[in-house]
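Below you'll find the structure, written out as structure tokens, and then a few comments.
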Amino acid sequence: MSAPIEKPSEKTPLLSVRDLIVEFPTRRGTLRALDRVSFDIAEGEVLGMVGESGAGKSLTGAAIIGLLEPPGRIAGGEIWLRGQRIDNLPREKMRRIRGRRIGMVFQDPLTSLNPLYTVAQQLIETIRTHMDVSDAEARKRAVALLDRVGIPAAARRIDDYPHHFSGGMRQRVVIALALCAEPELVLADEPTTALDVSVQAQIIDVLKEICAERGASVMLITHDMGVIAETADRVAVLYAGRVAEIGPVRDVIQAAEHPYTAGLMGSIPTLTQTAARLTQIPGSMPRLNAIPRGCAFNPRCPKVFDRCRTDRPELIDRDNGRHVSCWLYDSATQKVAHD
Amino acid sequence: MSIKLNQTGVRARLMLGAAALTLAVAGAANAETLRWARVGDALTLDPHSQNEGPTHTLNHHIYETLVGRAVDGSLTPRLATEWGISEEDDTIWVFQIREGVTFHDGTPMTAEDVVFSLDRARTPPSGMAALHAAVEEVTAVDDTTVHVRLSGPAPLYVQNLTNTFIMSKAWAEENSIEVAPNFAAGEEAHSVRNTNGTGPYMLVERDPEVRTVLQVFDGHWDDAPEVTEIIYTPISEAATRVAALLSGEVDVVQDVPVQDIARLEQTDGIKVVRGPENRNIFFSYDMTSDRLATSDAEDNPFAKPEVREAMALSLDRNAIRQVVMRGESQPSAAPLPPFVNGWTEELDAFGEPDYARAAELVAEAGYPNGFTVDLNCPNDRYLNDEAICQALVGMLARANIRVNLVSQTRSLHFPLIENWDTDFYMLGWGVPTFDSQYVFDFLVHTREGSYGSFNGTRYSNPELDAKIQSLATMTDLEARDAVIAEIWEEVMEERIFLNVHNQMLAYAMRDGITLDVHPENQPRMTTVTFD
Amino acid sequence: MLAFILRRVLQSVIVMLTVALVAFSLFRFVGDPIVSMLGQEATLAERAALRDALGLNDPFVVQFFSFVTRAISGDFGISYRLQQPVMELILSRLPATLELALVSGIAAFIFGVGFGVYTALRRGGWLSSSIMTVSLIGVSLPTFLIGVLLIWVFAVELQWLPSFGRGEVVDLDGWWRTGFLTESGRMSLILPAITLGLYQMTLIMRLVRAEMLEVLRADYIKFARARGLSNRAVNFGHALKNTLVPVITITGLQLGSIIAFSIITETVFQWPGVGALFINSVRFVDVPVMAAYLMLIALVFVVINLIVDLLYYLVDPRLRLDRSAAGH
Amino acid sequence: MTELHKPRPTGRFGRAWDSDIAYSFRQSPVAVVAAVVSLILILGAVFAPLIAPYDPFNPASLNLMDGFTPPMEPNAFTGNVYWLGTDNQGRDVFSTILYGARISLFVGFAAVLFAMTLGITLGLIAGYRGGWVDSLLMRVADVQLTFPSILLALLIFGVARGFIPPAYREAMAIWVLIVAIGLSEWVQYARVVRGATMVEKNKEYVQAARVIGAHPVKILLRHILPNVMGPVLVIATIGLALAIIAEATLSFLGVGVPPTQPSLGTLIRIGQQYLFSGEWWILLFPSITLLALALSVNLLGDWLRDALNPRLR
């Protein structure tokens, strides 16, 4: 028998995603890229989000910040930010949330910055969009922030153009930009993937520290379990647009419950080989237009049984603060197994 | 100001602007401005530099000649009040110079100015030199009499003077333009854009190819013209030129496209006047060479009388008049307009086309399958030149002569004739002297010396050449006319020309203006009257 | 930087010399000026004499050398046709062409960028589809026909605008006659400017649209949106500015073609500019004018290229680094 | 997933019909209309000798007296009736348009082909060789891009006139036109191809092909060329419309095909003279044809540009 469900925190989570569905209408029918994704991020928490390419990590981020590229759209579910529903906000209201309450860091610092504006111009513009401060005040803040993210001689370099900075430095600038309006939540979408290995750890550290300082929560999207292991408090594993497992990062790494997660853990020590394939499990993730019935993972699952092929498992709340969507942990299944 | 403001909007404003300008400049109570457009501008205002129609036309308003040409082609007194061949010496022409004539700068005109001008005109590089080639000496006998001595008797010399202007000797010397400007000199002569004539109008503004403004000359010896100001604008595109008249931006348009004449006549407030032009349009061919460069025939088909007859039989002059020229031409068989000395009705007579007979003749000449040849044609020189050529191509095709049409701009076309690089070509010819000799000299005489420069046929007939040369010095006009008739007979017999028509001129203008067509296409705005 | 300028100047000289050589060798084929210059009564001897006097019988190299040496001092000789110094002739016509080119160029740029931005931002909307289609008419009919049709509608039928010429011009200091200062001058500009600018506008519009669509998908635009910048700031502050970099280059380079296309516009509207002068010169085989015109076009090319480079330099900070690095 | 998936069609046509590009085509009414119009005009031009009631290029068949016959009205002299009337030479306007479109399209296609061949070749060479060859070619391209295309065409015409003997000039005119227009258009192709070549040549498969000693020409044609055909096709489509208009413009300036075998542009140049005189049909019908042709080709080019750009889908 399972223990009574215990919430990790009694407080309302900072971000709460419930049954989020994202669809892409195509000429051959509608593709469901995210299918009833649910998770929470608590105040000050770092949630890692992992999965293979195409699992829906980045889409989740885009859906939260309201920047899904058409024709992609939210077809169901809810997104709550500190008790306010934000998935159906008018465009202008949503814009005010972006940057101000939710910041975002993109993958490639080389292309994230507008080459025609100085770093100062971009920072000040962002600050003044969201905060009622003077130009000078905004500039002061910007310099301080740049200094904080580790740009040497920030006061002088702030007037440089992006191309004057190295890749690692640019990503620091990007982080500064994401944080300059003091958001409560930062979505970091593969923030180190495009960087040289030698600076990846520094960037992650900067991001983590500065968010911790300001009490901002982080949703760290990556396919690199190594990064997650070092950085995140909890981790959500996505597979084919569905959440396979969520739980405290140590627990999940050490004792993965979902067979997919278990396989994925094989790819942890890959600091040098970030784009590692999930070789432990035969086959590959299904395409969005060919997701099998039942559990999406069932054709590859070493522990598959009949029910997996017919019914889709819901997230099951394990008593240890973990959630997993696998029939192996269904009470009925376990009962059967016990009998 | 009496310009009709019967239009609204811009047009009214434009005209007001023009009228205001007139008032300011002239200060006259009855200022009449005439806005005049034609296809091209005068090349220069120098009176002797260029022998070219539009140049003369404009210069006739600023400068004057000894004798003028009336619209009926007859000579009229201008700066010369009388002229004739000296009774003592038939190589001398005597001119009585008008008294009381002043130049625009206020200096009086004297016989010395006339001598100077004629000398300037006959000295290369003057463009008029060829017309005065026979002049040996020009002298002022007294203040009002000038003698021109020629190398021999020249009964028609006075005909060459209708475009030779008189300028001020003092002014020319002052501005170092004692000789007509030379292209190779490398610098602009003062007389290109500055004038000092005796004519009815003074130059106010000269912007070549853009705008030329003339103002009536109060000190002119003749009656004051009704037009007190002329604004002359070249408009090269036919459609734009017509549009400018239709929209009321100009008052008189020369070079009206034939297809627009009917429409303009039907337009309220616009009228068209027309008349014959001193210009013939004809085709000619190499009838002498052994082979043609552009033909598939082994020999020269044009050398065969049958072929030339066949071509004459194929040309449907009436159809060209009817369709291509919209009725605006005079079909004719001989390359001289009716008002030129030597013309007869018989010369110009032609029959109906007969394509069957034409094809037969071509076969008889030894071309049962016909032959091919290129036709060179200008496309920017004569009225509908290219369309006429195209029509001929169709007509000759029916006689089994397959013509390949090569039409190009005049600067490429005419050298072909000059250099004998064409087998078959179109040419237009005007007769400024109003005498057949001019035609013979340039088109019939063997090409040698100053003769035959536009004889593209390579035709050479020593007997005929002798007759042509004799014309220049014959003083017995009756006998001379007989020789002319003989020459014409031979020329028509040989079918040296495949003549199409005499061009007609049409000037379109707004109602209320009267202007007659000038046979040399040199309208005089002094003759304009307003209702 | 100095090395860069020197290199450009050297390149420019080579380009000018090449154009001079090409142009000059072409003139032997465009026709014989003598026929146009002398009347029909001229004798063969007179023709030969004039040909000699003009140096047309000299060897090609000699003619070319004398042309270049004189051209360097700004002396292009005297027009065969109008008997005026070519330099003076061209300078007197240049204002008309430049004013026309300027007005139509600016109009083309403003409308082109405006429509381009609109159609890029509203991709798929009915209005932008209509703009895209209608604008194509500008490039689907020959310029001369558009000009004639405009004259027909606006000058003949409606009588709103003049059909030819520049209207009243005002002389500024004797070296520049402008049509901007009189009402008839401004009215006269409208139809030719539309005719000349329509094609360029369509070109610029399509270029802006394509570039803008490209830029709108750039990461830095996404990032700008993610920072909550307003649509205005994103579309016009960020996207448009980046779009304009290539647009400026290409429209700058197109200026040369505006001046060339003015040949047709000027002919149709009897606009007294260098284009009409050139085409009239071609018909008359006025070699000195033709040569000078081509050199002018080459000069315009060289200058525009330089200006475009400098503009680029101003707009795109990345180049400053590259260029200065190259210069050291 | 829960989606219904239509069965994939089989057969070559079926697959083509089902492809993304065909789908995007079916979804765009503008593209469909443009394609139909272009197709009708191209077929009409190609089969002009079969469709046209008269042969306007055969001068022997023309009767000058038929000239200026209004559409659907009997000629005042001959009584002949023509659908779209006749021109100033008595040519049936309908037939002349068909034959004229044939000339215009021939010039257009040939000029595009010429520009494309030249541009692709030079672009491949510049991109693959790099170095001074690249610098030289691109400098030439720069000069070419700024030097106005009509001026260039006028000059080429001038040169050709000098080199071609008079007897062949008319026959060569159309080829000169093609070269003149083609030469002023090659740069765009060269730029696109050069850019793509520079990217592709560093890719592993090309490097691998190089290592195993494949001939550069083979590498270029086999591997690199197919990758750039998309954008090249787009440029070619727009270029076709451009070439057809350029031909018309040149004919206005007096260089072009002989008037006895007019192109659409020449027909418009001729018809333009009758704008005020009332013979509207001589100008109107060829203009509409040219507009329809150029517009639909341009629209197809537009659509193709969007459809082939994967990022805009």
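Report the antiparallel proportion of the DSSP beta bridges in chain B as a percent, rounded to a multiple of 5. Please report the intermediate quantities before stating the final value.
Values: 58 of 76 bridges.
Beta bridges within chain B, antiparallel portion: roughly 75 percent.
Give me the dipole magnitude in Debye, nearest 20, for chain B about the Cα centre, with unit charges on the beta carbon: positive for Lys and Arg, negative for Asp and Glu.
On the way: 38 positive and 81 negative charges, 396 e Å.
Magnitude of the dipole: close to 1900 debye.
Using the membrane-span-like helix rule (whole DSSP H runs, Cα extent along the own axis of at least 30 Å, mean Kyte-Doolittle hydropathy at least -0.5), which helices of chain C qualify?
Values: long enough: C:2-26 (36 Å, 2.04); C:86-121 (49 Å, 1.59); C:183-216 (44 Å, 0.86); C:241-269 (38 Å, 1.26); C:287-315 (41 Å, 2.38).
Span-like helices in chain C: C:2-26, C:86-121, C:183-216, C:241-269, C:287-315.
What does the charge count near B:ALA140 come to, summing +1 for each Lys or Arg and -1 for each Asp or Glu among other residues with Cβ under 10 Å from its Cβ?
Details: positive: none; negative: B:GLU112, B:ASP113, B:ASP142, B:ASP143.
So the surrounding residues net to -4.
Would you calculate the separation in nanometres between label points at A:ALA290 and D:LEU233, each defined as 7 Å from the Cα along the Cα-to-beta-carbon direction?
A separation of 2.5 nm, rounded to one decimal place.
From the Cα gyration tensor of chain B, with a ≥ b ≥ c the square roots of its eigenvalues, which class applies: rounded if a/c is under 1.5, or else prolate if a/b is larger than b/c, or else oblate?
Values: a/c = 2.16, a/b = 1.33, b/c = 1.62.
Here chain B falls in the oblate category.
With a 10 Å radius around each residue's Cβ, average the other Cβ atoms per peptide and rank B:356-364, C:136-144, highest first.
Peptide ranking by packing, descending: C:136-144, B:356-364.
Only four residue types carry charge here, +1 at the Cβ of Lys and Arg and -1 at the Cβ of Asp and Glu. Report the dipole size of the protein assembly as shown about the Cα centre in Debye, rounded to the nearest 20. Write down the numbers at each step before the final one.
Numbers: 128 positive and 162 negative charges, 2418 e Å.
Charge dipole of the protein assembly as shown: 11620 debye, to the nearest 20.
What does the charge add up to near D:GLY130, with Lys and Arg as +1, Asp and Glu as -1, over the other residues with Cβ less than 10 Å from its Cβ?
On the way: positive: D:ARG129, D:ARG194, D:LYS201; negative: D:ASP134.
Here the charged neighbours net out to +2.
If you take the alpha carbon radius of gyration of the protein assembly as shown and divide it by 2.2 N^0.38 Å, what ratio comes out, to two decimals? It would help to have the intermediate numbers written out before the result.
Details: Rg = 41.6 Å, N = 1511, 2.2 N^0.38 = 35.5 Å.
Its radius of gyration relative to the 2.2 N^0.38 Å reference: 1.17.
Under a Cβ-Cβ cut-off of 12 Å, what is the net charge of the residues other than C:GLU266 that fall near it, where Lys and Arg count +1 and Asp and Glu count -1? Write down the numbers at each step before the final one.
Values: positive: C:ARG93, C:ARG166; negative: B:GLU209, B:GLU237, C:GLU99.
My count for the surroundings of C:GLU266 gives -1.
Name the residue from A:ILE127, B:PRO415, A:SER284 whose Cα lies farthest towards the positive end of the charge dipole of the protein assembly as shown, charges +1 on Cβ of Lys and Arg and -1 on Cβ of Asp and Glu.
Value computed over the given set: A:SER284.
Taking the Cα atoms of chain A, what is the range of coordinates along each of the three principal axes, in descending order and whole Å?
Taking the Cα atoms of chain A, the three principal extents are 72, 45, 43 Å.
Between D:VAL36 and B:GLU87, what is the spin-label point distance in nm, taking each point 7 Å from the Cα along the Cα→C-beta axis?
So the label points at D:VAL36 and B:GLU87 sit 9.4 nm apart.
Rounded, prolate or oblate: which fits region C:93-277, taking a ≥ b ≥ c as square roots of the Cα gyration tensor eigenvalues, rounded meaning a/c under 1.5, else prolate when a/b beats b/c?
Values: a/c = 2.59, a/b = 1.94, b/c = 1.33.
Prolate shape, in that a/c is at least 1.5 and a/b is the bigger ratio.
Please list, short to long, the whole-number percent of alpha-carbon pairs of region B:407-531 in consecutive 5 angstrom bins beginning at zero.
Taking every Cα pair in region B:407-531, the percentages come to 2, 9, 16, 17, 16, 13, 10, 8, 6, 3, 1, 0.
What average count of beta carbons from other chains do you get within 10 Å of the Cβ of residues in C:146-157? Mind dumping the intermediate values first?
Values: counts 0, 5, 11, 5, 0, 10, 6, 0, 3, 9, 11, 3.
Other-chain Cβ atoms within 10 Å of each residue's Cβ, averaged: 5.
Obtain the nm distance between the two label points defined at D:LEU43 and B:ALA479 by a simple spin-label model: each point lies 7 Å from its Cα along the Cα-to-C-beta direction.
Label at D:LEU43, label at B:ALA479, 8.1 nm between them.
Using unit Cβ charges (K, R positive; D, E negative) and no other charged atoms, how large, in debye to the nearest 20, is the dipole of region D:93-209 about its Cα centre? If you can, show how the numbers build up before the last one.
Details: 9 positive and 6 negative charges, 15 e Å.
Roughly 80 debye, rounded to the nearest 20.
If amide H atoms are built 1.01 Å from N in the plane of the peptide, which residues on other chains or at least 5 residues away come under 5 Å of the amide H of B:LEU43?
Residues meeting the criterion, in which the H sits 1.01 Å from N, are B:THR55.
If you project the alpha carbons of region C:69-160 onto their three principal axes, what span does each projection cover, largest first, in Å?
Computed over region C:69-160, the largest-to-smallest principal extents equal 59, 36, 22 Å.
As I understand it, the dipole of chain A uses +1 on the Cβ of Lys and Arg and -1 on the Cβ of Asp and Glu, about the Cα centre. Which of A:SER38, A:VAL218, A:GLY72 lies farthest toward its positive end?
Farthest towards the positive pole: A:GLY72.
Taking neighbour counts of Cβ atoms within 10 Å as a proxy for exposure, in what order, fewest first, do A:HIS323, B:HIS60, B:HIS190 appear?
Listing A:HIS323, B:HIS60, B:HIS190 from fewest to most nearby Cβ atoms yields B:HIS190, A:HIS323, B:HIS60.
Does anyone have the angle between helix D:280-308 and the longest principal axis of chain D? Alpha-carbon axes, 0 to 90°, nearest 10?
Approximately 10 degrees, to the nearest ten.
Any idea what the relative contact order of chain A is, in percent, if you count C-alpha pairs under 8 Å spaced at least 6 apart?
On the way: 635 pairs, mean separation 69.6, N = 339.
Relative contact order comes out at 21 percent.
For the residues D:ILE219, D:ILE235, what sequence is obtained by ranking on other C-beta atoms within 10 Å, fewest first? Don't skip to the end; give the middle numbers.
Details: D:ILE219 20, D:ILE235 24.
Ranked by crowding around the Cβ, least crowded first: D:ILE219, D:ILE235.
Positive end of the charge dipole of chain C (Lys, Arg +1 and Asp, Glu -1 on Cβ, about the Cα centre): tell me which of C:ALA107, C:GLY256, C:TYR220 has its Cα farthest that way.
C:TYR220
What list of ³J(HN,Hα) couplings, whole Hz, do you get for region B:298-315 from phi and the Karplus terms 6.51, -1.76, 1.60, once you set θ to phi - 60° and write x for glycine and proline?
Listing the rounded values in order: 6, 10, 9, x, 5, 6, 8, x, 4, 5, 5, 5, 4, 5, 4, 6, 7, 6 Hz.
Enter the mean number of other protein chain beta carbons within 10 Å of the beta carbon of each residue in B:42-49, as an integer.
On the way: counts 1, 8, 5, 1, 1, 0, 0, 2.
So the per-residue partner count for this stretch is 2.
Sorting check: for B:333-346, A:144-157, which peptide has the highest mean count of neighbouring beta carbons within 10 Å, and how do the rest follow? List each step's numbers first, then the result.
Working: B:333-346: 19.6, A:144-157: 17.3.
Output ranking for B:333-346, A:144-157: B:333-346, A:144-157.
Peptides A:77-83, C:94-100: what's the order by average Cβ count within 10 Å, highest mean first? List each step's numbers first, then the result.
Details: A:77-83: 16.4, C:94-100: 22.9.
Listed from highest to lowest mean packing, they are C:94-100, A:77-83.
Hey, got the average number of other protein chain Cβ atoms within 10 angstrom for residues in C:252-260?
Working: counts 1, 3, 3, 2, 6, 8, 1, 2, 8.
Average neighbour count from other chains, rounded to a whole number: 4.
How big is the shadow of the Cα convex hull of chain C, averaged over all directions, in nm²? Mind showing how you got there, number by number?
On the way: hull surface 88.7 nm².
Average projection, Cα convex hull of chain C: 22.2 nm².
Defining a contact as two alpha carbons under 8 Å apart and six or more residues distant in sequence, what relative contact order in percent does chain D show?
22
Report the percentage of all Cα-Cα pairs in region D:183-285 whose separation exceeds 19 Å, rounded to a whole percent. Before the final figure, lay out the partial values.
On the way: 3212 of 5253 pairs.
Tail fraction, whole percent: 61.
How would A:VAL197, C:VAL103 line up from fewest to most surrounding beta-carbon atoms within 10 angstrom?
Details: A:VAL197 11, C:VAL103 20.
Lowest to highest Cβ neighbour count: A:VAL197, C:VAL103.
Normalised by the residues of chain B, what does the relative contact order come to in percent, with Cα pairs under 8 Å and at least six apart? Before the final figure, lay out the partial values.
Numbers: 1124 pairs, mean separation 96.7, N = 531.
Computed over chain B, the figure is 18 percent.
Beyond 32 Å, what percent of the Cα pairs of region D:2-312 remain? Walk me through the numbers before you get to the answer.
Details: 19938 of 48205 pairs.
Result: 41 percent of Cα pairs exceed 32 Å.
Every number in this text was worked out from the coordinates using simple rules, so none of it is lab data. A quick note: this is a predicted structure, and the numbers were derived from the prediction, not measured. Note: ideal-geometry Cβ built from the backbone for every residue, glycine included; neighbour counts use all protein chains shown.
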